[in-house]
1. For B:Val62, which sequence-distant residues (separation of 5 or more, or a different chain) have an amide H within less than 5 Å of its own amide H, given hydrogens modelled in the peptide plane?
2. Select from segment A:245-283 all residues whose loss of accessible area on going from the chain by itself to the full protein assembly reaches 50 Å² or more (probe 1.4 Å).
3. Could you go through segment B:410-426 in sequence order and give the Karplus-derived ³J(HN,Hα) for each residue, using 6.51 cos²θ - 1.76 cosθ + 1.60 with θ = phi - 60°, rounded to whole Hz, and x for Gly and Pro?
4. At 222 nm, what value in deg cm²/dmol follows for the protein assembly as shown if DSSP H runs of at least 4 each add -39500 (n - 2.57) and the sum is divided by all its residues, to the nearest 500?
5. Relative contact order, percent, of segment B:70-178 when contacts are C-alpha pairs under 8 Å separated by at least 6 residues?
6. Let me test this: with uniform point scatterers at the alpha carbons of segment A:156-297, what is the Debye-based log₁₀ I(q)/I(0) at q = 0.14 1/Å?
7. Counting only protein heavy atoms and using a 1.4 Å probe, what share of the accessible area of chain A belongs to carbon plus sulfur, as a whole percent?
8. Just tell me how shielded B:259-268 is by partners: mean number of partner chain Cβ atoms within 10 Å of each residue's Cβ, no decimals.
Amino acid sequence: MKQRRKLTPYLYSTPAFILIALVIVFPILYTAYISLTNMNLFHWADYEIIGLENYVRALTKVDSGFLSALLVTLLWTVLNMVIQVVAAYFIALGLNREGLKGRRIYKTLLMFPWAMPAYVSILLWRVGIYNTEFGLLNKILVEIGLSKVNFLSTNVPAFLSCMVLNLWMALPFMIMMIDGALQSIDRSYYESAELDGAGFWVKNIHITIPALKGIIAPSVIMTTFTTFKQFDIVYLLTMQKGAYSGATLQTVITYAHQNAFVSNNYGLSSAVSIIIFFLIMVFSVFTNRGVKEESNE
Amino acid sequence: MTMKRKMSLLLCGVMALGCLCGCGGDTQTGNDAQTNADAGTEAAAGNDAAGDAGASGEVTEVKIWHDGDESIMQTIADCANEQLAAESVHVTFEKKTGLTDQLQLYGTDEANGPDMYLYAHDSLGTFAEMGILAPITDVIGDEVLGEMLPMTVEAGNYKDTQYLMPVYYETLLFMYNKELWEGEVPETTEDLYEYMVAHTDADAGTYAVVNQHSTAYNVAPFINGFGGYIIDKDANPGLNTPETIEAITYNQKFAALQADGDYNTVTALFNEGKAAAIIGGPWLVSGIREAGIDLGIKSLSDFTLPNGNALAPYSGVQSIGVLKYAAENKKDAVAKVLTAIASPEVGIALANQSNCAPANDKAYADENVAANEMIMAMKVTAETAQPMPNIPQMSVMWGPAESLLAAVNKSGANVEESAEQYQNEALTAIADMQ
């Protein structure tokens, strides 16, 4: 009877397990298998297992740009996350200010960039904002008597341009999360603090931020992952096939795409994928540990 | 309570079975495959698929996958089916986005894959190396290919085997707005450059000539004209050869007067009347006509470089390849379809209805085709145009070649140093394919 009780939850979960096995586990295992073979264009049907050779090749590529791509990715992630959380925090505070009129309209408008398909947003920015002939920024520069600037042709301006676009696209989500969290804080804390003479900064540092930390942690983690593995913005703005902008900006994912996925070498591409998979796993272990420690406090 | 639990377990079981039933889809496909295979076998047994079908009144379907303009395919299908009406063979075109990937998946799958495909010739090497194609000469005779322009036939040849039958082709052209262009269009690239210097005001946003100056396909007329190459037949990249460097350096001064060089930018500049001329392909024509521009066209072969050579653009030849299983099981039906599509009638229909330059040389004898300025300009260009390389390694060359062009034209990088850097990247990319 006890044994049956132990088994019942597993029986209930069987459909979900099967689905997870088919949709998530099988592709990972199959990719791992392919990464051990020499499957490529020249060995399409007659591929064979070659051991860890593809991993050795993938890792020895480290000297040809992987490290700089990793550094760019880390810088990209840190800068984006810091600016995003800080900016979203203050915008959300503004939206929650007592007596603010048209709050719903502002919130709806702020959601717009997030609701738009990423591909459309990125191409709109490429043509509508950064383009040398039709872009808003260059129109303004020419109007005030300055020369046109190609914002995407060299690395630093291209990095900043990508970052501005990423913030435009990602801020609404963070604002929404912080806005929701702010509304869950009991107003009585603020009333007591005000009675004790607390000002804006004291209330924020000692009440709002500690109360928010636990609630917004999952969204910060999720956004950190999304930012770390960002591909669309950098690729579509600077290195879209047939429309290279001149910048040589690489993140880990664009680097992997350029070095492995255009070659039709499925063995090597799979090895690179598995390495990235493990990198993200390690990254997630650290972030999860951080969250656990925080919630234990 | 027990009833509820039993019901829950039953539902879980049904859901679990439902998940696994997804894997059962193949059964039906398998049956279909069996049916098709049986049909194929029957046809093969009779050694005359179309003949048998004709005798029994059944129509043999020949399926062609493509990734192009559906109206063009419809023109080919209508014209070919008219010719095939008496043969009990019917051809259908099916659009597949990302055709290369689709053929990699279905190229050996007789049940779900096509009998033939129609696509640009440059992916030939990839399919040939995968071993999914039958030589076209196994299906049709040399007399069919003999009617085609030599450049278009050459495009479908890989490692001395003819795999493709050309249908129509595209090359870059010099297109100008007759209302904006002042005087005659120059005969030499140096005169063209002088015209550009005199008629370009980048700050005002007006240009004499625009071009996708950092796209390898659009710079190829210069590279080929200077005797350089992006990759040769033996898969050696040539980004750092003196001839290629000379061509890229020469193109650099034109690029400085051609705006950003992005496809959307240059097309919009020309269509909005801010650029007097554009170097582009026939795919731009419909947009240009919609913009109400009085279009003039000149072949790029009519421009002479300082070394005395004509500009030599790449050509992309839309060709048909036959999948191995179709060549084995539907040989006669496939041959009849290919012969019909190769006919001058299809070529004339393509030129008159879809503005395509036919591969069949005889089609140009038609009065209307001969009067079509754009098609005749492409025919002139076909004499100096070089088919895009069709070796598989070309697929990894676009990246390094275009990165080199963008570095030089957009970021102001040194040509020689960049050429070395991207030559090395190209070598790595080619090595990574193995």
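The values are calculated or read from the model by the stated rules, or taken from the named source; none is laboratory data. No experiment lies behind these values; they were computed from the predicted model shown. Neighbour counts run over all protein chains shown; Cβ positions are idealised from the backbone, glycine included. Surface accessibility is based on the protein's heavy atoms, side chains included, excluding ligands, DNA and RNA. Shrake-Rupley method; radii C 1.70, N 1.55, O 1.52, S 1.80 Å.
1. B:His90, B:Val91, B:Thr92
2. Buried-area filter returns A:Ser263.
3. Along segment B:410-426, the couplings run 10, 9, x, 6, 5, 5, 4, 5, 5, 4, 5, 4, 7, 4, 5, 4, 5 Hz.
4. Mean residue ellipticity at 222 nm (helix-derived): -18000 deg cm²/dmol.
5. The normalised contact order for segment B:70-178 reaches 17 percent.
6. At q = 0.14 Å⁻¹ the computed log10 ratios are -0.86.
7. 69
8. Mean inter-chain Cβ contacts per residue within 10 Å come to 6.
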